[in-house]
Amino acid sequence: MQSPYDLMVILLVLLNFRLLGASQLGACVNTVAVQALLIGLLALLTPGVSWNWMTLMVVFVTLIKAVVLPALVRRAMRETGVVQEIEPFVGYTFSILIGTGMLVLSFLAVRPLQVPLDGAAQVLVPVTLFTMLTGLFLIVARRKAITQVLGFLTMENSIYLFGVAFAIQESWLVQTGVLLDVFAAVFVMGIMIHHINREFDNIDTDRLSNLRD
Amino acid sequence: MIYSLLFVFLALAFAPFLMSVINRTKAFFGGRSGPALLQPYYDLVKLLRKGAVYSRTVSWIFHTAPSVEVAAVLAALAVTPLGGIPALLAFPGDLLFLVYVLGLMRFCVVIAALDTGSAFEGMGASREVQFSALAEVALLVGLAAVAAKVHAVGLSDMCREAWAGGMFGENGVTMLLVSASLLVVLLAENSRIPVDDPNTHLELTMIHEVMILDYGGVDLALIEYAAAVKFWVLGSLLVSMALPFRGTSQIGNLAAGLGGLLVLALVVGCIESVMARLRLVRVPQLLVVAGVLSFLALFNVMR
């Protein structure tokens, strides 16, 4: 077997494709949770991370992202009664094809950067970029507010992974800050989704553009 | 060389047997005892003893297609290696030859179906062409990934290198991705369940079966036999990429490869038992995912 590290990076890419191709929201939430778990594992496996209180930190952060945040999103799903993304702006097959394009783009974009990393962590940078693009794509290409929240979470995962890739010890402080922001954001979004749903009887964000005063 | 010949003869003799293994697995899941293990052979003998009946509207295309199909699949078999066993005919670039010989076979099925002038068969032909256009990309890109990984463009060299460890060797990630992709291609190309149901005769769901509805007797026997050999050919490629161990001698390699094929038939039987057929609009998505897997393997190699 190649290093388990490589396998996990490939798995991460495949999870992104699953996010792009799945229509059931429950499956998407699970995928984001598994992705967070995988990124936590990658953080522990990255060479240069010492086993001290950082380990505890990583475990804590991973728990929040893999358990608490998905639970919040699931609650929003339950309250709004939405289970499936129907007729997104970009179809699923086409989304996957666009995903392939984004993957190529991220590898091409990183190549001239001369990232100062050793072999193992080097592949993380393009994958980080790809995850970020996937998150952004989910935000613009899907109708339901919940999928857009999931896109946001995917982006957060990628930012976290970026910190992991560079393994700068002090970056954990930054990570915690980002995490706090995301936590608050998901909380607020959950409430927003609830309110949007109560006012308009659905969470189709496309319909918000029809608002008149 | 002697083992390559042996492999070809074994393929010719036991290809229908793999179909029988799949059917028995499905019967086991369904709680039935299933058809006899030699049932495909009985069917072939029965069909060979019958005469053929032709529609008045068909031309020579319809008459010649079954023979061309068998010829094409035999040519494909000649360049198919099984892990450490090289193919009977091995030359650089034979992977393209294999893919396009299988393409020729499909082409014959399709134009023979169109030749009957039946709208029903035309529908099947249209579906077959649509899905195989996507499957071919996955197959070619997957083989290209393996070729780039082991720095060889001959199928026999590629399979020998891949055979050195399959999924758990040093090329593990590439082989894993290509194997997953090849499995989907195998299921699609052989009209197995997530793509097409080989048992059904309902208008809305058939792909392969609908194209050969007008055949009977000897012609049908040839087509069924060619389909079985095609499964064996693609299965050998998949087993070569996927099997995680190899024999110490050539005879051990052959035994391991045949065992792998048997396991593959069991796996296909299990897939058919636990999965439902996909809706037709979802099938392209499955094939695109297979293409993405192949592409990812290629990218993993080239980066």
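Listed values, structure above:
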quantity: Mean projected area (nm²) of the alpha-carbon convex hull when chain B is viewed from all directions; calculated: 15.1
quantity: Accessible surface of residue B:209 - all protein chains present, 1.4 Å probe, nearest 10 Å²; calculated: 40
quantity: Chain B: DSSP helices with Cα axial extent of at least 30 Å and average Kyte-Doolittle hydropathy no lower than 1.0; calculated: B:2-29, B:94-115, B:119-150, B:217-242, B:250-274
quantity: Hull volume in cubic angstrom per residue (convex hull over the Cα atoms of the protein assembly as shown); calculated: 183
quantity: Residue-normalised accessible area of chain B, given per residue in Å² at a 1.4 Å probe; calculated: 41
quantity: Exposure ranking of A:93, A:128 by accessible area [1.4 Å probe, largest first]; calculated: A:93, A:128
quantity: Candidate lysines - alpha carbon under 18 Å from residue B:46, same-chain residues fewer than 8 apart omitted; calculated: none
quantity: Quarter of Cα convex hull surface for the stretch A:4-201, i.e. mean projection, nm²; calculated: 10.6
quantity: Local net charge near residue B:151, Cβ-Cβ under 11 Å (Lys/Arg +1, Asp/Glu -1); calculated: -1
quantity: 26 Å Cα-Cα reach of residue A:65 towards lysines, excluding residues that sit fewer than 8 places from it in its own chain; calculated: A:144
quantity: Separation in nanometres of the label points that stand 7 Å from Cα toward Cβ, at residue A:75 and residue B:263; calculated: 4.7
quantity: Formal net charge of residues neighbouring residue B:198 (Cβ-Cβ distance under 12 Å; K, R +1; D, E -1); calculated: -2
quantity: Sequence of B:49, B:56, B:106 from largest to smallest accessible area, 1.4 Å probe; calculated: B:56, B:49, B:106
quantity: Solvent-accessible ranking of B:275, B:158, largest area first, probe 1.4 Å; calculated: B:275, B:158
quantity: Assigned charges on the beta-carbon of Lys, Arg, Asp, Glu; the stretch B:1-103 dipole about Cα centre (debye); calculated: 540
quantity: Solvent-accessible area of residue B:251 with every protein chain in place, 1.4 Å probe, in Å² to the nearest 10; calculated: 100
quantity: Accessible area (Å², 1.4 Å probe, nearest 10) - residue B:33; calculated: 90
quantity: Eligible aspartates and glutamates near residue B:230 by straight Cα distance, threshold 12 Å, same-chain separation 8 or greater; calculated: B:69, B:189
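The values are calculated or read from the model by the stated rules, or taken from the named source; none is laboratory data. These numbers come from a predicted model, not from an experiment. Don't worry about glycine lacking a Cβ; one is built from the backbone with ideal geometry, like all the others, and counts go over all protein chains shown. For the accessible areas, the whole protein counts, side chains as well, though only heavy atoms, and no ligand, DNA or RNA atoms are used. Shrake-Rupley method; radii C 1.70, N 1.55, O 1.52, S 1.80 Å.
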